[in-house]
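This structure is in structure tokens; I'll ask about it shortly.
Throughout, read-outs are computed from the coordinates displayed, never taken from laboratory work. Remember, it's a predicted structure, so these values are computed and weren't measured experimentally. Note: ideal-geometry Cβ built from the backbone for every residue, glycine included; neighbour counts use all protein chains shown.
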Amino acid sequence: MASPRVRFQTVRALPLASLLVLGVWTAWEVLLVDEPRLDVGLQGLLVVGIVSLFVSFGRWGAWPRRSGILLLALAYFVTRIFVSGLDLVPALVYLILAIASVEFQILSDRLAPLYSRRLPRAEERRIDAAMTRSVSRLAVASLLAFLVPLLAADLARSGALPATTIPTALGLSAAVIAIVAWLALLPGRVRPTEE
């Protein structure tokens, strides 16, 4: 197992790394748009989203970060739906990364302060176990978020699953997203020890 300092740095770096990937990926998609009706609006969403993410690292915290992720996702999906065409696999990976970045921030807010100080070995093991549970839960949620829509799309295409109406498809998607978000964002039960 890595030292507490390495774990501290890893837990602190994960949210920043995931947000950086989201920002660069969205910027890449948006800056390729050359449609005069959409490019200014999409670039505006991109800039406001990135500014919100920068602001979130100050004292304002969670709401600018969530707003920034939401604006980046909106810019990405509008670009993909109305300009480039929506590919299922990249869209799922983008959505999973957006959900994971929220979970990484929750882990960082909860665990980094604990790893930043000296703790008894038993307490360190308890925190490591909580981090392992959180990462495992996120991995299961990400796998479900990726595989279930692909399976549903394959079954619908083959005719084995008669999801022929838009409300049926939207209901299935909403249920999958709700389950995945619940699994990913289920709070861990780590509490700081008494000094």
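By how many nm would the segment from Val55 to Leu74 lengthen if fully extended, with 0.36 nm per residue of separation less the alpha-carbon distance? Don't skip to the end; give the middle numbers.
Numbers: separation 19, 0.36 × 19 = 6.84 nm, distance 1.87 nm.
Full extension from Val55 to Leu74 adds 5.0 nm.
So, one more: For Leu88 and Val40, FRET efficiency with R0 = 22 Å and r from the beta-carbon atoms, rounded to 0.05? Walk me through the intermediate numbers first.
Working: r = 28 Å, r/R0 = 1.28.
Here the calculated transfer efficiency is 0.20.
For the residue pair Val47 and Leu147, what label-to-label distance in nm results when each label sits 7 Å from Cα along the Cα-to-beta-carbon direction?
The modelled label-to-label distance comes out at 4.4 nm.
So if I take the centroid of the Cα atoms in region 30-87 and the same for region 118-143, what is the distance between those two points in Å?
32 Å
Applying the Karplus parametrisation 6.51 cos²θ - 1.76 cosθ + 1.60 with θ = phi - 60° to the phi angles of region 72-84, what ³J(HN,Hα) value in whole Hz is obtained for each residue in order, glycine and proline being reported as x?
Each residue's phi maps through the Karplus curve to give 4, 4, 4, 4, 5, 6, 5, 4, 5, 6, 9, 10, 7 Hz.
What's the FRET efficiency of Trp25 with Ala62 using the Cβ-Cβ distance as r and R₀ = 22 Å, to the nearest 0.05?
On the way: r = 22 Å, r/R0 = 1.01.
FRET efficiency, Trp25 to Ala62: 0.50.
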